[in-house]
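The values are calculated or read from the model by the stated rules, or taken from the named source; none is laboratory data. The shown structure was predicted, so the numbers you read here are calculated from the model rather than taken from an experiment. Quick reminder, even Gly has a Cβ in these numbers, built from the backbone with ideal geometry, and neighbours come from all protein chains shown.
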Amino acid sequence: MALEFVSEILLPRLLAASVQSTLFVAVVWALCKSLPRLSASARAGLWWLVALQLVVGVLWSSPLALPLLPAEVVEQAAAVPSQVTVLPTARAIAAVPPMENVSSAPFAPSSWSWSVASAWLWLLGLSFMIARTLRGYLATRRLLRDSRACKDRTLLHALQLAAEAHGLRRMPHLRLSASIDSPQLIGPWRPVLLLPADHPHTMHADELDMALTHELVHLQRNDLWWGLLPAAAQHLFFFHPLAHLAAREYALAREAACDAAVLAGNRHCAREYGRLLIRLGIAPRPSAGLASASPTFHILKRRLAMLQNTAYTPRVVALVILGVVAVLGVMPYRIIAAPAAEAATAPRAPVATTPKPSAAPVAAPAPRVAATPAPAPTPVAAETPEISPAAGIAPPRRIPAPPAPPAAARITRGTFHLSASNNEGYVLLRENNSVMNGSMEDLRKAQRLQRNGEELLWFRRGNAEYVVRDAATLERFRANYAEVARLGESQSAIGNRQSGIGNKQAAIGNKQAELGMKQAELASRLATGRMRESEADARMAELDRQQAVLDKQQAELDAPMAELDRQQAELDRKMQAADARAEQRARQLIDEAVSKGVAQPLKKG
């Protein structure tokens with residue numbers, strides 16, 4: 001029973017979630033690359049959403065259906081017997097051999113063996129991941145068992161004050177261990193803060209304060225709990241490289257967010273904090289906790305580079321980005337054929353006459369619907385072809401659709417509102433500025449009615465569909481959205497200016513990152529004794545001077561960017577108001593078109 005559940009239910013969900021995550025990761029990666037000012041907390045949230053999408057894809061039993069496949073996909077699938085069975089239609093089922101013949105088909109055993117083998121491989125991989133995690137957890141428990149409670153009253157008092165300053169209701173248990181070289185936070189149920197047993201000799205007071213602050217920020221952010229989801233995604237999708245990428249990027253952004261919180265109290269301690277990160281060095285993360293040290297040298301370099309970025313995108317913008325990505329990317333979906341396209345290619349039942357003999361057996365594949373159609377028969381109510389045991393499958397027929405231009409993307413600009421309402425929707429097709437309030441299927445229906453780029457209005461009310469080609473009605477509908485179009489052009493112009501300033505800021509940020517790497521290299525050479533302190537201070541002073549120049553240039557760009565953000569927000573407010581007025585007026589114009597008879601009803605089928 002468990003093996004059947006894995007092979008028939010779990011594996012298809014894992015595969016679907018893996019495919020969807022590929023696009024999701026590409027979007028998140030592009031956002032992080034194109035928005036260098038995005039805060040580390042926002043980046044951590046984006047990568048956490050990738051892990052959430054993977055887990056939800058496994059748990060969600062009914063993904064959202066997106067009818068995006070064109071009609072040609074349905075026709076091609078109908079021509080291949082091995083693909084017909086995946087189409088949930090009566091026509092496809094009618095073209096499949098009877099069940100008693102399927103069980104004896106030569107390909108059935110190998111197909112079943114492949115699914116069983118895949119299920120076994122997944123279970124073995126999951127077992128290996130769980131065993132490795134359990135082994136790490138036991139090692140962490142041994143580390144805690146070998147540690148000793150901290151008796152230093154001064155350190156305990158300082159930790160209590162810091163915990164209260166970060167809003168923690170209770171401070172973590174503080175213990176000392178001779179087996180670690182950097183602070184570690186173990187949890188999440190009963191968090192324990194582990195310090196090196198010789199911390200008075202390895203860390204100065206300021207360094208110890210920064211290290212403790214870093215770990216307390218982890219507790220304040222509940223990172224030990226939030227990190228369970230990416231870990232679960234890594235276990236379930238151990239075979240998927242993007243699941244490991246998302247977990248790694250989330251962990252890096254999480255550490256960078258705590259680093260930024262440490263620097264928020266004193267922005268002038270960036271150099272000292274960078275030296276502390278270098279001194280803590282490289283150490284593997286505990287299986288059930290977090291460590292101040294970086295797990296790899298590459299992660300250490302990226303953390304040092306992130307210390308130079310002190311200008312962040314406004315919190316409201318970051319929350320909007322997270323909200324949009326969560327709504328559009330986390331929900332599992334599956335792409336299916338468009339209902340209208342499928343209906344257009346659906347074979348019609350033949351006229352009830354004496355069936356002609358056919359040489360093809362019942363198990364033969366159905367003829368390709370896209371072949372040259374026979375003369376159109378009289379329409380009947382039945383939708384599926386009749387099957388005669390003696391004569392086989394009757395040749396499918398269909399009523400040829402009227403010639404129409406292909407539903408290609410002819411829209412270059414416009415105002416689009418995606419809505420899943422089943423009651424109403426409308427599309428105004430124009431050459432330069434189209435308007436839509438409905439679904440992508442509504443847009444495709446309107447495009448199929450358009451002839452030679454003409455302007456038209458298509459809308460639906462419940463199950464009824466209409467088209468308007470009256471010039472006066474189209475002019476009124478067009479004028480109704482004139483203000484919305486004007487505001488959209490203004491927003492586009494401001495967006496171009498923001499993009500130009502953002503490119504300049506990104507270039508300055510790259511230079512700042514290069515200087516930060518040079519400062520980190522100097523600090524490393526000084527810490528390892530490969531450079532005299534006087535020489536390092538002189539070079540560091542020159543780098544600080546260059547950094548100050550870049551900071552000034554960055555600050556000079558912040559003011560115009562803030563002004564453009566204000567203008568954009570004002571335009572957004574005006575756009576919402578104008579859009580609400582236009583939508584209300586559009587419904588009135590549609591009502592008038594129906595009442596005056598200028599709206600032509602469309603027949604279905």
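Here ARG190 fits the description: in contact with a His (Cβ under 9 Å, 6 or more places away or on another chain) and surrounded by fewer than 21 Cβ atoms within 10 Å (Cβ to Cβ). Looking only at residues that are among the aliphatic types (A, V, I, L, M) and in contact with an Asp or Glu (Cβ under 9 Å, 6 or more places away or on another chain) in the stretch 26-59, which one is nearest to GLY227 (Cα to Cα)? Among those that are among the aliphatic types (A, V, I, L, M) and in contact with an Asp or Glu (Cβ under 9 Å, 6 or more places away or on another chain), it is ALA44. Which ranges mark the helices (runs of 4 or more DSSP H) fully within the stretch 1-93 that have 3 or more residues being at pLDDT below 75? Counting at least 3 such residues, we get 71-78, 81-84. ALA246 meets the stated requirement of being part of a helix (DSSP H, G or I), modelled with pLDDT of 90 or more and either acidic (Asp, Glu) or crowded, with 20+ Cβ neighbours inside 10 Å (or both). Remark: ALA506 matches the filter, which requires a residue to be among the aliphatic types (A, V, I, L, M), surrounded by fewer than 17 Cβ atoms within 10 Å (Cβ to Cβ) and closer than 30 Å to VAL549 by Cβ. Can you spot a residue in the stretch 546-559 that is exposed (fewer than 13 other Cβ atoms within 10 Å of the Cβ) and closer than 30 Å to TYR466 by Cα? Checked the stretch 546-559: no residue is exposed (fewer than 13 other Cβ atoms within 10 Å of the Cβ) and closer than 30 Å to TYR466 by Cα. A single entry from ASP572, ASP558 fulfils the requirement of being in contact (Cβ under 8 Å) with a residue 40 or more places away in the chain, assigned to a helix (DSSP H, G or I), farther than 30 Å from GLN519 by Cβ and within 36 Å of the chain's Cα centre (by Cα): ASP572. All conditions in (1) touching a Lys or Arg at 6+ places or on another chain (Cβ under 7 Å); (2) without any contact (Cβ under 8 Å) to a residue 24 or more places away in the chain hold for ALA577, with the sole exception of (1).
A Cβ distance below 7 Å, combined with a sequence gap of six or more or placement on separate chains, defines the contacts here; from the stretch 291-320, residues that are part of a helix (DSSP H, G or I) reach residues that are charged (D, E, K, R) and surrounded by 20 or more Cβ atoms within 10 Å (Cβ to Cβ) in the pairs ARG303/GLU255; ARG303/ASP259; MET306/ASP259.
ARG279 - would you say it is assigned to a helix (DSSP H, G or I), more than 25 Å from the chain's Cα centre (by Cα) and not polar (S, T, N, Q)? It is true that ARG279 is assigned to a helix (DSSP H, G or I), more than 25 Å from the chain's Cα centre (by Cα) and not polar (S, T, N, Q).
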